[in-house]
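**Student:** I am attaching a structure below and will ask some questions about it afterwards.
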Amino acid sequence: MPREIPKAYEPQEIEQRWARAWYEERLYRADAGAPGEVFSIVIPPPNVTGSLHIGHMLDHTEIDILVRWHRMRGYNTLYLPGTDHAGISTQRVVVRQLTEKGIHYRGLGRDEFEKKVWEWKAESGGTITRQMIALGESCDWTRERFTMDPGLSRAVREVFVRLFEDGLIYRGRYIVNWCPHCLTAISDLETVHEQRNGKLWYLRYPVVGSSEHLVVATTRPETMLGDTGIAVHPDDERYTHLVGRKVLLPLMNREIPIVADSFVDREFGSGVVKLTPAHDPNDFEAGKRHGLAEIDVMTDDAKMNAAAGKYAGLDRFEARKKVVEDLTALGLVERVADHVNAVGTCDRCKTDVEPRLSMQWFVKMKPLAEPAVAAVESGQIRIIPENRRTEYFEWMRNIRDWCVSRQLWWGHRIPAWHCGDCAEITVARETPAECAKCGSAKLTADPDVLDTWFSSALWPFSTMGWPEQTADLKKYYPTSALITGYDILFFWVARMIMMGLKFTGQVPFRAVYLHSLVRTAEGAKMSKSKGTGIDPIDLNLRFGTDAMRFVLASMAAPGTDIVLSEDRILGARAFANKIWNAARFLLVNLEKVEATGITLEELAAPEIRAAAPHRRDGKLDLAERWIFSRLAATTAEVNAALAEYRFHEAAHVVYHFFWGDFCDWAIEWVKPRLTGADREDVVVAWRNLFAVFEAALRLLHPFMPFLTEELWHRLPQAAGARSISLQPFPRARPEARDLGAERDMALLQEIVVAARNARSELKLDPRRKVAAEVSVSAPATRALIEANLEPLVRLASLASLHIAPGEGQRLDPAKGAVRSSPDFEICIPFGDAIDSKAEIAKLRKEKERLARDVESKTTRLEDAAFRSKAPGEVVKTMEDTLAERRVELQKLSERLKQLEAAPQE
RNA sequence: AGGCCCGUAGCUCAGUUGGUUAGAGCGCUACCUUGACACGGUAGAGGUCUGGGGUUCGAGUCCCCACGGGCCUACCA
């Protein structure tokens, strides 16, 4: 490794180099035969047509942090990547491509089209996986899966057939959500409801054999062409006399019955509902109850068909206009009101969904949902954050059957064959030669494919080779956790749980962590179509992937959405740069040491680092005891935070340790020793510093893999050392905790800060070193200061620090600015210009604050109820604190009095 | 309609079981180009936790109400 190290961290080249190396060396290949406790995660499969967006970046950052953390802690770790085949999206992409070449896909035929899709996949379907590789995600790329792979396809067929055999799959004519643009049925979940300002038309239908009219209210007048009845509430006295009679459907001149049905809301509109069983789910149900005809008045692309009479050929929205016009001309529109309603739109293409009667395949969900509810209730699966459980239960308990057939050419073909002779359906794992019922060979394969999510639901086990009992399945299933966005809870989390339980008898994962959404600076949901999405690749290039990972992790508080701003990213980039420069400090200073004949290998070889902390004459310097203690504490905190998916907390403690403890204090404290004259001390100081630094890199590695890998390799390593990611995570060594050292160090830091503060208030020239005086309240503090005089003087920019004799001595506020604590007082002598006014103002403010605090505590402690009811510990703490504060207040008041009495300048 | 979440420093957000003087990052102010780092250093200003009521010895934290914002589910035409 080159000793030259640039002044600022430039991530681009470094990230590229390591990403490639990790991938090419297959560094993260899992070994199902290896021992060890297992940690496994399957990626929530991204859409194969997609490219990485900021939501993936967050998701994958969290996954990769957990994966790297576990791997370093010795778990047998698997992170399995892959993509799903995204039926509708992919078909659309390829159809468009063909159209651009002047080819109509229907003309190609199904087989030929499928070939084209595979060609497209080979060429362009790898965007997101390439991006993941570039991001350095520690996946096992040898196990990459795709939902249309032969193995996974086999799992899909197996599941379909078994569900069918268990009576959980049926086929029938029902109202489904139909997308007239994608030309397929879609499920309820793929139908997104949107609030619209629409109209409510009140239409007059003449009652046959009477001069009366019945007024119906509708939001979709064009569907009246398919009306086959109208309904009123059975108890609605306004209309009881008309039940059983007929109305003459205007425009169509069709007589349709008036029926009574309690589903009608008397309060809404006129209390009369037109019934269009082929275009509305409620009407469909009502139609069944009353034996009404089902007249489909539209084509599959939502134009009016022959059943719509003279409106045939019109688009549904044109037809609406025309129908209203014609009815108006006939005087049959009583009135029009504004009306807000929820319109279903296609999740993929945003076209208004048409509820449409058609023959589809469905999965019965209730029997699958029950065990899935139980698994979460019993805690076999943990959902984090917990409040999402409510949503899960709510949805699961009201679950509706799942329409799984799609009228597409790209996807898993439904394994069903229709007999040309007896019309029976044969469902089978392998293409049957003859009809299961009549033996006829006139079989036609069902044209439909399955919903993409059907295969996604099997992902946790289909990727591991199920239905074979493979070594992977035995070792890595159930997986440890599923990390995904809360918006996807029902799409696959719930379905994976149902399918996992049904087909493996086990939960698919032991925990579900649902992270938040990344929002724009305005707090809006990012949207590709609105152009408000952030391209993470672009940000990674500009600021570094590590910085992006870190900022996402540090903002990823469970249950809170992330508002990403450039300022925050800059902060993370600065952190990366800080670490880089800490390394730079070590490496450039080392040259000076090497000049004396000490080698880097002697100071920082792996076995040397492993033997830390190193002692001098059996003793360890206070600052060293302290930093090793902080390291152990920080490690414990990181472990605890990550175990609970508290990424933001983990990121925060690492940040504070590295910057606040290590850079600000540990390095500063030790500086002179590193180039001192005492050879043995130099060696010990360096060894300890390197040991802490290297451990800190490992601590940080899950969050910032590239930077830490690069710096780790710049340290001397054993021959053949491959990667920091394969090194053990720091241990939380309780024996390294040294509360005494932490307390002592805190006291010394307090002295330094007090001195700096006094200097700053006095507006002393920062370069001017002054002789300061300190007094102590206890002999131990004196010893502590004496033992650490050099760093104290240096870090507080003093010329000297004189320790006043005895204990509890008050320093003279006339001589300089005095700062105090219960343990010490320090006096920084006034400079040439004495600004006693500022000093007085400062002290007054401080006094007020203290006085307020003393007063409130006094009141609390005088309260008999508090003393009797609060825990003794709390009372005791408050008493101690109050005593200290009183002394402080007393000191402060005296100082203030003296200053105020002195002549003002 | 039902359910969930949020409202804490100028901004974006932490604050696990209620318990000392409520934290961070960025921004801001002053000073510092000190030989790791100006993507830096040092010091500092700045919130009484949306409002009201309640429980409690004690509430940012628990309960109720109001206001403001967001999200999800739902077949009211």
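Where a number appears in this text, it was derived from the coordinates with a stated rule and is not lab data. Owing to the predicted nature of the structure, the values given are computational and were not obtained by experimental measurement. We place every Cβ from the backbone using ideal geometry, glycine too, and count neighbours over all the protein chains shown.
**Student:** In region A:664-719, which helices (runs of 4 or more DSSP H) lie fully inside it and hold 3 or more residues that are in contact (Cβ under 8 Å) with a residue 12 or more places away in the chain and under 35 Å from the mean Cα position of the chain (by Cα)? If you could, list the steps in order and put the result at the bottom.
**Tutor:** Numbers: elements: A:668-674, A:679-700, A:705-714.
Those helices (runs of 4 or more DSSP H) span A:679-700, A:705-714.
**Student:** When only residues in region A:381-405 that are within 9 Å of RNA strand B (Cβ to nearest atom) and in a helix (DSSP H, G or I) count, which is surrounded by the most Cβ atoms within 10 Å (Cβ to Cβ)?
**Tutor:** Filtering region A:381-405 for residues that are within 9 Å of RNA strand B (Cβ to nearest atom) and in a helix (DSSP H, G or I), the one surrounded by the most Cβ atoms within 10 Å (Cβ to Cβ) comes out as A:Arg388.
**Student:** Now, a different point. Inspect region A:439-449 for any residue being hydrophobic (A, V, I, L, M, F, W, C), assigned to a loop (DSSP other than H, G, I, E, B) and over 19 Å from A:Asp188 (Cα atoms) and give the result as yes or no.
**Tutor:** Filtering region A:439-449 for residues hydrophobic (A, V, I, L, M, F, W, C) gives A:441, A:443, A:445, A:449.
Of the ones still in play, those that are also assigned to a loop (DSSP other than H, G, I, E, B) are A:441.
Okay, now just the ones that are also over 19 Å from A:Asp188 (Cα atoms), so A:441.
The answer is yes, given that some residue of region A:439-449 is hydrophobic (A, V, I, L, M, F, W, C), assigned to a loop (DSSP other than H, G, I, E, B) and over 19 Å from A:Asp188 (Cα atoms).
**Student:** For the structure I just gave you, tell me whether A:Lys619 is out of contact with any Phe, Trp or Tyr (no Cβ under 6 Å at 6 or more places or on another chain) and within 12 Å of RNA strand B (Cβ to nearest atom). So that I can check it myself, show each step before the final result.
**Tutor:** Values: out of contact with any Phe, Trp or Tyr (no Cβ under 6 Å at 6 or more places or on another chain): yes; within 12 Å of RNA strand B (Cβ to nearest atom): no.
Here the answer is no, as A:Lys619 does not meet what is asked.
**Student:** Any residue at all in region A:764-771 that is away from RNA strand B (no atom under 15 Å from the Cβ) and surrounded by 17 or more Cβ atoms within 10 Å (Cβ to Cβ)?
**Tutor:** First, pick out the residues of region A:764-771 that are away from RNA strand B (no atom under 15 Å from the Cβ): A:771.
Okay, now just the ones that are also surrounded by 17 or more Cβ atoms within 10 Å (Cβ to Cβ), so none.
Checked against the condition, which is being away from RNA strand B (no atom under 15 Å from the Cβ) and surrounded by 17 or more Cβ atoms within 10 Å (Cβ to Cβ), region A:764-771 yields no hits at all.
**Student:** Follow-up question, since we're still on this one. With A:Arg204, A:Arg171, A:Arg196 as the choices, which residue is in a strand (DSSP E or B), out of contact with any Pro (no Cβ under 9 Å at 6 or more places or on another chain), surrounded by 15 or more Cβ atoms within 10 Å (Cβ to Cβ) and of a type in the set (Lys, Arg)?
**Tutor:** Being in a strand (DSSP E or B), out of contact with any Pro (no Cβ under 9 Å at 6 or more places or on another chain), surrounded by 15 or more Cβ atoms within 10 Å (Cβ to Cβ) and of a type in the set (Lys, Arg) holds for just one of A:Arg204, A:Arg171, A:Arg196, which is A:Arg171.
**Student:** Select from region A:640-663 the residues that are touching a residue at least 12 places away in the same chain (Cβ under 8 Å), more than 26 Å from A:Arg584 (Cβ to Cβ) and either near RNA strand B (Cβ under 8 Å from one of its atoms) or not hydroxyl-bearing (Ser, Thr, Tyr) (or both) and list them in ascending order.
**Tutor:** Matches in region A:640-663: A:Ala641, A:Leu642, A:Glu644, A:Arg646, A:Phe647, A:His648, A:Glu649.
**Student:** Residues that are touching a strand residue (DSSP E or B) at 6+ places or on another chain (Cβ under 8 Å), at least 2 per element: which helices (runs of 4 or more DSSP H) completely within region A:545-617 meet that? Spell out the reasoning first.
**Tutor:** Values: elements: A:545-555, A:566-595, A:600-604, A:606-610.
Output list reads A:545-555.
**Student:** How many residues, within region A:369-380, are in a helix (DSSP H, G or I) and either surrounded by 14 or more Cβ atoms within 10 Å (Cβ to Cβ) or in contact with a Lys or Arg (Cβ under 6 Å, 6 or more places away or on another chain) (or both)?
**Tutor:** Initially, region A:369-380 is screened for residues in a helix (DSSP H, G or I), giving A:369-377.
Restricting the remaining residues to those that are either surrounded by 14 or more Cβ atoms within 10 Å (Cβ to Cβ) or in contact with a Lys or Arg (Cβ under 6 Å, 6 or more places away or on another chain) (or both) gives A:369-373, A:375-376.
So the answer is 7.
**Student:** Among the residues of region A:847-905, write down those that are among the acidic types (Asp, Glu) and part of a helix (DSSP H, G or I). Give the derivation first.
**Tutor:** Step one: filter region A:847-905 for residues among the acidic types (Asp, Glu), giving A:848, A:853, A:855, A:862-863, A:873, A:879-880, A:884, A:888, A:894, A:900, A:905.
Result: A:Glu848, A:Asp853, A:Glu855, A:Glu862, A:Glu873, A:Glu879, A:Asp880, A:Glu884, A:Glu888, A:Glu894, A:Glu900.
**Student:** If you don't mind, there's one more thing I want to ask. List the residue pairs whose Cβ atoms are under 8 Å apart, where the first residue sits in region A:11-33 and is at positive phi, the second is surrounded by 14 or more Cβ atoms within 10 Å (Cβ to Cβ) and assigned to a helix (DSSP H, G or I), and the two are 6 or more positions apart or on different chains.
**Tutor:** Close Cβ pairs satisfying both conditions: A:Arg26/A:Trp141.
**Student:** Working only within region A:721-761, note down all residues that are touching a Lys or Arg at 6+ places or on another chain (Cβ under 8 Å), under 27 Å from A:Ile65 (Cα atoms) and either part of a helix (DSSP H, G or I) or not aromatic (Phe, Trp, Tyr) (or both).
**Tutor:** Hits for region A:721-761 are A:Ile724, A:Ser725, A:Leu726, A:Gln727, A:Pro728, A:Pro730.
**Student:** In region A:3-62, how many residues are assigned to a helix (DSSP H, G or I) and of a type in the set (S, T, N, Q)?
**Tutor:** Just the residues of region A:3-62 that are assigned to a helix (DSSP H, G or I), to begin with: A:11-24, A:54-62.
Going one step further and asking which of them are of a type in the set (S, T, N, Q), we end up with A:12, A:16, A:61.
Adding up the residues that qualify gives 3.
**Student:** OK, next. Residues of region A:126-139 being of a type in the set (D, E, K, R) and surrounded by 21 or more Cβ atoms within 10 Å (Cβ to Cβ), which ones? Steps first, please.
**Tutor:** Of all residues in region A:126-139, those of a type in the set (D, E, K, R) come to A:130, A:137.
The one that is of a type in the set (D, E, K, R) and surrounded by 21 or more Cβ atoms within 10 Å (Cβ to Cβ): A:Glu137.
**Student:** While we're looking at this one, here's another question. Looking at A:Val297, A:Val208, A:Val272, A:Val247, which is the one that is within 13 Å of RNA strand B (Cβ to nearest atom) and among the aliphatic types (A, V, I, L, M)? Show your work before the answer.
**Tutor:** Numbers: A:Val297 fails: within 13 Å of RNA strand B (Cβ to nearest atom); A:Val208 fails: within 13 Å of RNA strand B (Cβ to nearest atom); A:Val247 fails: within 13 Å of RNA strand B (Cβ to nearest atom).
Exactly one residue qualifies, and that residue is A:Val272.
**Student:** Where the second residue is near RNA strand B (Cβ under 8 Å from one of its atoms) and not in a helix (DSSP H, G or I) and the first is of a type in the set (Gly, Ala, Ser) and lies in region A:570-596, which pairs have Cβ atoms under 7 Å and are six or more apart or on separate chains?
**Tutor:** Qualifying pairs under 7 Å: A:Ala576/A:Tyr9.
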